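Right, one structure below, let's go through it.
The values are calculated or read from the model by the stated rules, or taken from the named source; none is laboratory data. Just so you know, these numbers come straight off a predicted model, no measurement behind them. Note that we place each Cβ from the backbone using ideal geometry, even for glycine, and neighbour counts take in every protein chain shown. For the accessible areas, the whole protein counts, side chains as well, though only heavy atoms, and no ligand, DNA or RNA atoms are used. Shrake-Rupley method; radii C 1.70, N 1.55, O 1.52, S 1.80 Å.
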There are 2 protein chains.
Amino acid sequence: MYASSTRPVAIDPLGSANVCANCDARPHSVCNAVPDSEISRLAAIAMVTHAEPGTTFIQEGDPATHFFNISAGTVRMYKLLPDGRRQITGFAGVGHFLGLAVSETYAFSAEAIDCVRFCKFSRARVRTLLDDYPAMEKRLLAVASTELVAAQDQMLLLGRKTARERLASFLMLQSRQGVLCQSSRNRFALPMSRGDIADYLGLTIETVSRTLTKLRSDGFIEIPSSTEIAIRAPAALEGLATGMA
Amino acid sequence: MYASSTRPVAIDPLGSANVCANCDARPHSVCNAVPDSEISRLAAIAMVTHAEPGTTFIQEGDPATHFFNISAGTVRMYKLLPDGRRQITGFAGVGHFLGLAVSETYAFSAEAIDCVRFCKFSRARVRTLLDDYPAMEKRLLAVASTELVAAQDQMLLLGRKTARERLASFLMLQSRQGVLCQSSRNRFALPMSRGDIADYLGLTIETVSRTLTKLRSDGFIEIPSSTEIAIRAPAALEGLATGMA
DNA sequence: CGGCAACCTTGATGCAGATCAATGCCACCG
DNA sequence: CGGTGGCATTGATCTGCATCAAGGTTGCCG
């Protein structure tokens, strides 16, 4: 049986008063637009859930019934063509908000990469919450605007950058927002596989692997293990990423 | 002198009561979230402006002082790499809203393709308007969400589709939202040049030209002139666009 | 510990689309 | 009306990345 056919599991379907108050992700997420005094209202509609690696918890084309807020782990969002070609549109980490859509169906699928914990909110209930907390609506608009800017950067990457520049951009992005190792700055974990990176950057697995090897032999990075990267020359790599070389 | 160095011209810097009430673009735009009775308030802060073909009226990296609403013509939004490589992130037509950004600077440049008319709104003033009309804020969120979905489609196109599929997708998109000829359904104008299409689809001018010629000789389309397209086989072209062939 | 499976790396070869190079087609203007 | 400049088309060649094809590495499980 494929992991992607397993179903996510609700841990706490009823919610409890302090689920949200004690949430690690709240400071990073749209939820902090709800004031402490009213946090129980948010907790009442939050369904805390987790998903094993490989589980698909949003399916492109399905009715868009819920919003999601990631509180642990990493998620890949992607779109497929009928013959199986895949484009990963982004990776979502702690605090990331998923499911913004005007249309009645999800525009992309989402899968857990590692063990993921998230809160599910019914769209209908969130709508009434938004009417009471305009600050949350403003916050959502800010999130959407930020993602739009990131999407435009990604279009530039996919349309016009070389494989080397794509990897440099990706590594700089991960070093900024990824999971940092405590041991050293400029060193971080890559929770996703080479295949995921390839489908995010519009390349093949082989080109990703070769290009990383080349960046290492050119002295830009170190590769302590296949899931870890250390950046040796941040300024030079940033230059590569922005097309200065 | 290059066209891009000319400056847009304000036609009506003070605004007048019926500027917005009679605006052709209003039904298509976020402005209609302001009720008729209050439309003069919108008109008071609208600066109606127009731009000649080739004029750059938003410059990537400049302080983001205004929002824009297109009321006539077509605009290209784009990002550049230092060596001149260009990625067009989208074309904006009548009713389109530009300038959403959290950051203090614009994330892209915008140029008039043909003669463009637009309304400029100071961000600070729009902010106070948004506080009074939450419906407008909701409308902006809807716009941002829609653009995000479009951006994800474009990532799939740029990362994973062939040149033929890219052109098919582009033509289907234009036939849906472009300027239709009155003469015939399935026939429409292309206000942008081959170079613009290439930079939007992540291709070169030559590949765009060759691929269009091929689509014509394969019976999918007709090319009455270089700025006009007629679709002969919409279903087949749609199949191509979605990767079914 | 050994055998398997999933993933990653490396090498050889192929091809879609880029690049280089004319040529054609208008629209504009003196 | 002939010249000029900007865009589009078409052809010849080149190349960056994909594809095809082995190995190598890691970690799991019996």
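Starting from the alpha-carbon convex hull of the stretch A:130-192, give the projected area averaged over all orientations, in nm².
6.3 nm²
What is the extension gain from residue B:226 to residue B:80, computed as 0.36 nm multiplied by their sequence separation minus the C-alpha to C-alpha distance, in nm to one decimal?
50.0 nm
Checking an interface number: how much accessible area is buried between B and A, summed over both chains, with a 1.4 Å probe, in Å² rounded to 100?
4000 Å²
Of the accessible area of the protein assembly as shown, with the probe set at 1.4 angstrom, what percent is carbon plus sulfur?
55 percent
For residue A:193 and residue B:62, what is the calculated FRET efficiency with R₀ set at 45 Å and r taken between the beta-carbons, to the nearest 0.05?
Efficiency, rounded to the nearest 0.05: 0.70.
Using θ = phi - 60° and the Karplus relation 6.51 cos²θ - 1.76 cosθ + 1.60, list the HN-Hα couplings for the stretch B:152-158 in order, rounded to whole Hz, with x at every Gly or Pro.
Working through the residues one at a time gives 5, 4, 5, 5, 4, 4, 6 Hz.
Name the residue, out of B:200, B:78, B:133, whose mean-square fluctuation peaks in a Gaussian network model built on chain B with Cα pairs under 10 Å.
B:133
Would you compute, for the Cα atoms of the protein assembly as shown, the largest minus smallest coordinate along each principal axis and list the three values in descending order, in whole Å?
Principal-axis extents of the Cα atoms in the protein assembly as shown, largest first: 59, 54, 45 Å.
How far is helix A:123-132 tilted, in degrees, relative to the longest principal axis of the Cα atoms in chain A, given as a value from 0 to 90 rounded to the nearest 10?
The two axes meet at around 80 degrees.
Using only alpha carbons, build the gyration tensor for the stretch A:3-155 and give me the equivalent ellipsoid semi-axes, biggest first, whole Å.
Three semi-axes, in Å: 25, 18, 14.
For chain A, what is the number of Lys pairs with C-alpha distance below 23 angstrom, counting only pairs 8 or more positions apart or on separate chains?
4
Pop out the ³J(HN,Hα) list for the stretch A:161-167 in order, Karplus 6.51 cos²θ - 1.76 cosθ + 1.60 with θ = phi - 60°, rounded to Hz; leave Gly and Pro as x.
Values per residue, Gly and Pro as x: 8, 6, 4, 4, 5, 5, 5 Hz.
Enumerate the calculated ³J(HN,Hα) couplings along the stretch B:46-56 in order (Karplus 6.51 cos²θ - 1.76 cosθ + 1.60, θ = phi - 60°), each rounded to whole Hz, writing x wherever the residue is Gly or Pro.
With the stated coefficients, the stretch B:46-56 comes to 7, 10, 6, 9, 9, 9, 6, x, x, 6, 8 Hz.
Report the gain in length on full extension from residue A:236 to residue A:206: 0.36 nm times residue separation, minus Cα-Cα distance, nm rounded to one decimal.
Taking residue A:236 through residue A:206 to full extension adds about 8.4 nm, to one decimal.
So if I take the centroid of the Cα atoms in the stretch B:34-97 and the same for the stretch B:101-138, what is the distance between those two points in Å?
Centre-to-centre distance over Cα atoms comes out at 8 Å.
Rolling a 1.4 Å sphere over the protein heavy atoms, what is the accessible area per residue of chain B, to the nearest Å²?
Details: 10940 Å² over 245 residues.
Per-residue value: 45 Å².
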